[in-house]
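The values are calculated or read from the model by the stated rules, or taken from the named source; none is laboratory data. None of these values were measured; they are calculated from a predicted model. Neighbour counts run over all protein chains shown; Cβ positions are idealised from the backbone, glycine included. Calculation scope for accessible area: heavy atoms of the full protein, side chains included, ligands and nucleic acids excluded. Shrake-Rupley method; radii C 1.70, N 1.55, O 1.52, S 1.80 Å.
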Amino acid sequence: MDCIFCKIVEGVIPSTKVYEDDKILAFRDINPEAPVHVLVIPKEHVDSVDKIDETNSDLVAYIFTKIPQIAASEGLGNGYRVITNVGEDGGQSVKHMHFHILGGKKLPLHLA
Ligand code: 5GP
Ligand code: ZN
């Protein structure tokens, strides 16, 4: 499958990792939109949150147990934002489910 994030999981495309275990990987966004911009992905390919159901929701729950730890290790004690874009209208450019962790400054409120 021609998926950039699967290739990052496989190590075919390099990334700056900030957290990794057997289920998930977190790495720095190549085009950061905030002082801290980390992407958290499952190692297993899932297209987006739109493909989550009762058979794989444990993966999302697991990711959300790790997000606070990753945020703390990035020094985001003053707060941060978690975003996941879904599909064309949601502005999803990489079709492998990912959660953006953004922080390190007061983020603007917008729906761009
Ligand atoms: P989306 O727009 O799908 O929600 O977010 C995809 C994100 O992946 C973008 O913020 C983009 O900068 C990032 N991205 C795309 N290709 C690469 C890559 O090869 N390496 C890294 N580290 N980030 C990437
Ligand atoms: Zn993938």
Paramagnetic label zone (point 7 Å from Cα along Cα-to-C-beta, D47; backbone N under 17 Å) in region 69-112 = 85-98
note = So for R0 = 25 Å, FRET eff. of K106-T84 from the Cβ-Cβ r, to 0.05, ends up at 0.70
ask   = Cross-link partners among lysines for K106, C-alpha distance below 30 Å, same-chain residues fewer than 8 apart left out?
value = K17, K66, K95
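If you roll a 1.4 Å probe over the heavy atoms of the protein chains, what accessible area per residue do you get for the chain, in Å²?
Working: 6810 Å² over 112 residues.
For the chain, the per-residue accessible area is 61 Å².
By the scheme Lys and Arg +1, Asp and Glu -1, what is the net charge of all other residues having a beta-carbon under 14 Å from that of A34? Don't jump to the answer; show the numbers that get you there.
On the way: positive: R28, R81, K105, K106; negative: D29, E33, E74.
Value of the local net charge: +1.
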Simple spin-label estimate for Y19 and D2 in nanometres, 7 Å along Cα-Cβ = 3.3 nm
ask   = How far, in degrees from 0 to 90, does helix 57-73 lean away from the longest principal axis of the Cα atoms of the chain, to the nearest 10?
value = 30 degrees
remark   = For the chain, the accessible surface attributable to carbon and sulfur atoms (probe 1.4 angstrom, ligands and nucleic acids excluded) amounts in percent to 53 percent
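Quick one: grab the alpha carbon gyration tensor of the chain, order the square roots of its eigenvalues as a ≥ b ≥ c, and give me rounded if a/c is under 1.5, else prolate or oblate depending on whether a/b is larger than b/c. Could you put the intermediate results ahead of the total?
On the way: a/c = 1.39, a/b = 1.27, b/c = 1.09.
The shape class here is rounded.
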message = Could you sort the peptides 92-99, 62-69 by per-residue average Cβ neighbour count (10 Å cutoff), highest mean leading?
response = 92-99, 62-69
